[in-house]
Amino acid sequence: MVDKSTIDPGSIDDGRVENEGMRRRFAAQAIIDKLLRQQGVHPRRTRLARFLGRSPLGGNALGWYRGAQGELAVGALLAQLPPEWAVFHGLPVGVNGWDIDHVVVGPCGVVTINTKQHRGAAVRVIGEDVTVGDRAVPYLEHAAFEGERIDTLLRAYLDFAVPIHPALAFVGPKGFVCAGPKNAVTVLDAADLVSWLTDLPRVLAPLERFQVIALLDDPASWAETVPVGTGDGLMERFTVLDNQMRSARLQRLVLAPLEVVIGLGVSAYLAVNLGVVLVGAISSSGR
């Protein structure tokens, strides 16, 4: 049970919550850490590779890179919430390194947010079926699982009921269609996330809300040992990698017209020379 004596009564009136535990973790910290660890064993690009605009990412790191972009985008949106809301990032659920991208505590209760970035892709949600483009994905099951894990934790330590709202947020979809019967997981475009959160019914009293925050903020509440610190240096290193990705993309755009010109030139050269060869062959055969 959370010790109510550890909660500062003065912070209840003005919405303040001390940020000394799990709340110190920034958005995408866990996935950025995994990404940079993999990059650490990947050979650096050669000068030629950099000139050609080759990606600096190694192996299967592109998925982690895009995932980090999505979580950072949602983290920036959640930072717009009023002070009475508390936002957590990368909370572990104790299953094979699985973590919840974002957990938000507010007057509505607790919201777990599974973030997916599929920029430019069409997203369709028909009942319990989710497709991205033409591919079926199990995102609803994952989001529901995360909500269940948080619910289990809160029931074990708190003597009052806390509403749980599992959500699945898509970053930058080209089109978004949601139809059919509603399910336990709310699926939405990340751009609508903050307005949806603030419109949810207010059910938690301030003291209850702070008890929930204190429980989630305590590293001892979680099954896995995770870094509580702010991940010093991680964001800076990711920014360097992100700049390298942007530079590589720009370099490819710069070289693309040149490649077309070179390609046309080579084609013209081959056509002319092939024509000369054919003419010579025909002339020889006619003699």
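The values are calculated or read from the model by the stated rules, or taken from the named source; none is laboratory data. As the structure is a prediction and not an experimental result, all values here were calculated from the model. Every residue, glycine among them, receives a Cβ derived from its backbone with ideal geometry; neighbour counts consider all protein chains shown. Surface accessibility is based on the protein's heavy atoms, side chains included, excluding ligands, DNA and RNA. Shrake-Rupley method; radii C 1.70, N 1.55, O 1.52, S 1.80 Å.
Some observations on this one:
- Note, ³J(HN,Hα) from phi for the range 187-201, Karplus 6.51, -1.76, 1.60, rounded to Hz, x at Gly and Pro: 10, 7, 6, 4, 4, 9, 5, 5, 5, 5, 4, 6, 8, 5, x
- Those residues of the range 48-88 whose amide nitrogen sits under 15 Å from the label point placed on Val240, 7 Å along Cα→Cβ: 56-57
- Site pair Arg37 and Leu62 shows an inter-label distance of 2.3 nm when each label is modelled 7 Å from Cα along Cα→Cβ.
- Sorting the segments 124-136, 183-195 by their mean number of nearby beta carbons within 10 angstrom, highest to lowest, gives 183-195, 124-136.
- The residues neighbouring Gly75, those whose beta-carbon lies less than 11 Å from its own, together hold a net charge of -1 under the Lys/Arg +1, Asp/Glu -1 convention.
- Here the accessible area is traced with a 1.4 Å probe on the protein chains. For the range 84-175, carbon and sulfur cover 48 percent of it.
- Multiplying the residue separation of Phe51 and Arg119 by 0.36 nm and removing their Cα-Cα distance gives an extension gain of 21.8 nm.
- Potential lengthening of the chain between Leu158 and Val254 amounts to 28.7 nm, from the contour at 0.36 nm per residue minus the alpha-carbon distance.
- The distance between label points at Ala76 and Ala191 comes to 1.4 nm (points 7 Å beyond Cα on the Cα→Cβ vector).
- Amide hydrogen proximity for Gln117: with H placed 1.01 Å from N in the peptide plane, the residues at 5 or more positions away or on another chain lying under 5 Å are Val171.
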